[in-house]
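Engineer: Here's a structure for you.
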Amino acid sequence: DQQVKQNSPSLSVQEGRISILNCDYTNSMFDYFLWYKKYPAEGPTFLISISSIKDKNEDGRFTVFLNKSAKHLSLHIVPSQPGDSAVYFCAASLDSNYQLIWGAGTKLIIKP
Amino acid sequence: GAGVSQSPSNKVTEKGKDVELRCDPISGHTALYWYRQSLGQGLEFLIYFQGNSAPDKSGLPSDRFSAERTGGSVSTLTIQRTQQEDSAVYLCASSLALGGAYYGYTFGSGTRLTVV
């Protein structure tokens, strides 16, 4: 069963506007969430993370929001830039001794 | 090295042949993971190694797949009698310890395997 779900395979956003990528999870025991970004022909790279004790974490143009009651997190990119075009993976962890559980990814396309 | 190195970057093989994919993790990283990404799909976990513990092979899709990690460093993923459905990008990642949430995963650039 998919414990981490990214239901949108792709998303197209105008340059300069806000991009919102969504991720849902089923296991309420997850205690840490991460977003990775992947360009073609490269491995995923870490983008931003959030602990389950917080509901928001911000890093420059990137903000991750966590809604524990809804088991939902989202990544906001403001403003969107052409270099943000990539596949974004959501991942979750049960505890410090457990590997990450990955979503299927969302392909973000930023239109000029 | 500075990053996770994978070789070859591309591999085309005939159906039925065996292939070996190599991963050289970051020095000092005790945890090593193999994933694959088929066209249009997400990251599919294959296997991980953590220190001297027995590897978690729960993600290997069939007994044609096997992996080794020698000396707690370099890992080789072997696919025997390749099939067309094995075509994918095979990604290796390493981290300081098993807890990827706290230590972060560093991925290699992957090996694109095409079985013809």
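What follows is calculated from the coordinates using simple rules that are stated; it is not laboratory data. Please read these numbers as outputs of a predicted model, since none were measured by experiment. Please note: Cβ atoms are built from the backbone with ideal geometry, for glycine as well, and neighbour counts cover all protein chains shown.
Engineer: Among A:Tyr98, A:Thr26, A:Val87, whose Cα lies farthest out toward the positive end of the dipole of chain A, if unit charges sit on the beta carbon of Lys, Arg (+1) and Asp, Glu (-1)?
Structural biologist: Checking the options against the dipole of chain A, the answer is A:Val87.
Engineer: Now for a separate question. Within the set of other residues whose C-beta is less than 9 Å from the C-beta of B:Gln37, count the net charge using Lys and Arg as +1 and Asp and Glu as -1. Each step should come with its number before you reach the end.
Structural biologist: Details: positive: A:Lys38, B:Arg36; negative: B:Glu44.
Taking every other residue near B:Gln37 into account, the sum is +1.
Engineer: Related question: In Å, what Kirkwood hydrodynamic radius results for chain A from the alpha-carbon pair distances? Show your work: numbers first, answer last.
Structural biologist: Details: mean 1/r = 0.0714 Å⁻¹.
Kirkwood hydrodynamic radius for chain A: 14.0 Å.
Engineer: So for chain A, if I pair up every lysine 8 or more residues apart or on another chain, how many of those pairs have alpha-carbons under 15 Å apart?
Structural biologist: 9
Engineer: Under 1.5 on a/c is rounded, so check that first for region B:1-97, then, if it is not, pick prolate when a/b is larger than b/c and oblate when it is not; a ≥ b ≥ c are the square roots of the alpha carbon gyration tensor eigenvalues. Each step should come with its number before you reach the end.
Structural biologist: Details: a/c = 1.73, a/b = 1.58, b/c = 1.10.
Cα axes put region B:1-97 in the prolate bin.
Engineer: Then there is this: I'd like the GluC sites (Glu not before Pro) in region B:1-55 restricted to DSSP loop residues with at most 14 other Cβ atoms within 10 Å, sorted by number.
Structural biologist: Details: sites: B:Glu14, B:Glu20, B:Glu44; in loops: B:Glu14.
Counting only loop positions with at most 14 other Cβ atoms within 10 Å, the GluC sites (Glu not before Pro) in region B:1-55 are B:Glu14.
Engineer: Please list, ordered by chain and number, the residues whose modelled amide H lies under 5 Å from the amide H of A:Glu15; skip anything fewer than 5 residues away on the same chain.
Structural biologist: For A:Glu15, the qualifying residues are A:Lys111.
Engineer: Calculate the dipole size of region B:33-72 relative to its Cα centre from +1 charges on Lys and Arg beta carbons and -1 charges on Asp and Glu beta carbons; express the result in debye to the nearest 20.
Structural biologist: Working: 4 positive and 4 negative charges, 11 e Å.
The dipole magnitude comes to about 60 debye.
Engineer: Residues with amide H under 5 Å of A:Leu100's amide H, sequence separation 5 or more or different chain, H placed in the peptide plane at 1.01 Å from N; which?
Structural biologist: B:Gly100
Engineer: Right, here's the next one. Where the eigenvalues come from the Cα gyration tensor of the protein assembly as shown, what are the semi-axes √(5λ) of the equivalent ellipsoid, largest first, in whole Å? Display every interim value, and only then the final one.
Structural biologist: Numbers: eigenvalues 177, 85, 48 Å².
Here the semi-axes work out to 30, 21, 16 Å.
Engineer: Now for a separate question. Would you kindly work out the equivalent ellipsoid of region B:40-81 from its C-alpha gyration tensor and give its semi-axes, the square roots of five times the eigenvalues, largest first in whole Å? Please report the intermediate quantities before stating the final value.
Structural biologist: Numbers: eigenvalues 72, 33, 19 Å².
Equivalent ellipsoid semi-axes, largest first: 19, 13, 10 Å.
Engineer: Is there a quick way to get the dipole size of region A:1-83? I mean about its Cα centre, with the Cβ of Lys and Arg at +1 and of Asp and Glu at -1; what is the value in debye to the nearest 20?
Structural biologist: That gives a dipole near 100 debye.
Engineer: I would also like to ask the following. For region A:26-43, just list the computed ³J(HN,Hα) in residue order, Karplus coefficients 6.51, -1.76 and 1.60, θ = phi - 60°, integers in Hz, with x standing in for Gly and Pro.
Structural biologist: These are the phi-based 3J(HN,Hα) values: 10, 9, 6, 7, 4, 10, 8, 10, 9, 10, 10, 10, 9, 8, x, 6, 10, x Hz.
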